[in-house]
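Below you'll find the structure, written out as structure tokens, and then a few comments.
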Amino acid sequence: MDRRELFGSLAAAFKAPKEQETLLIRPPYFGDNAAFDTECQKCDGKCATLCQEKIIVIGADKTPSLDFSKSGCTYCDACAHACAFGVLKLENKKRINANVTINQTTCMSWSGVMCFSCKDPCLEDAIEFRAMFMPTIDSSKCTACGFCISRCPSYAIDIKALS
């Protein structure tokens, strides 16, 4: 059993994972938000099938959104290449339109437990620890890729779509 599995099994007893159903975080390649409602209706969801990390899910309204419960976005461009209707385009590539924060009340490190589960997968080194036990996210470095979310054993990382 590795460190993540141990912390995960301990933390699971105290808190259930957050549901992401209410979040609507789009892939980072769109220009016009309204195009999701018109153009995605004609599509078979190829962006989701070609996503390397399998984080794109097609909703009941036939539009794609991101689900960070198992992995994060590598910004690999596959979804933009797959989009035949122009909703996702390479020239519109940008940071994922979301804000990622650490909930200090549920974070195990903020409670004095040595845990670096969120920092280890952060590709941008956006998670900084003050005094070894107080992680914070540097919003100037964070791309909202979501890799830290699924790695947190106490589900202490929150993501909210920006308007």
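The values are calculated or read from the model by the stated rules, or taken from the named source; none is laboratory data. This structure is a prediction, so every number in the text was calculated from the model and none was measured. Neighbour counts run over all protein chains shown; Cβ positions are idealised from the backbone, glycine included.
Here are a few things to note about the model shown:
- The residue pairs whose first member lies in region 26-38 and is among the hydroxyl-bearing types (Ser, Thr, Tyr), whose second member is surrounded by fewer than 19 Cβ atoms within 10 Å (Cβ to Cβ) and part of a helix (DSSP H, G or I), and whose beta carbons are closer than 8 Å, counting only pairs six or more residues apart or on different chains, are TYR29/LEU90; TYR29/ASN92.
- Of all the criteria given as (1) over 19 Å from CYS145 (Cβ atoms); (2) touching a Lys or Arg at 6+ places or on another chain (Cβ under 9 Å), the one not satisfied by ALA98 is (1).
- Residue match in region 20-40 (condition: exposed (fewer than 12 other Cβ atoms within 10 Å of the Cβ), at pLDDT below 60 and either aromatic (Phe, Trp, Tyr) or farther than 26 Å from ASN99 by Cα (or both)): no
- Considering region 53-163, the qualifying strands (runs of 3 or more DSSP E), each wholly inside and each with 1 or more residues that are more than 16 Å from the chain's Cα centre (by Cα) and surrounded by fewer than 18 Cβ atoms within 10 Å (Cβ to Cβ), run over 127-130, 134-137.
The rows are residues; the columns are (1) at pLDDT below 95; (2) of a type outside the set (Gly, Ala, Ser).
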residue: SER71; (1), (2): no, no
residue: CYS76; (1), (2): no, yes
residue: LYS89; (1), (2): no, yes
residue: LYS93; (1), (2): no, yes
residue: ILE96; (1), (2): no, yes
residue: LEU123; (1), (2): yes, yes
residue: ARG130; (1), (2): yes, yes
residue: SER139; (1), (2): yes, no
residue: ALA161; (1), (2): yes, no
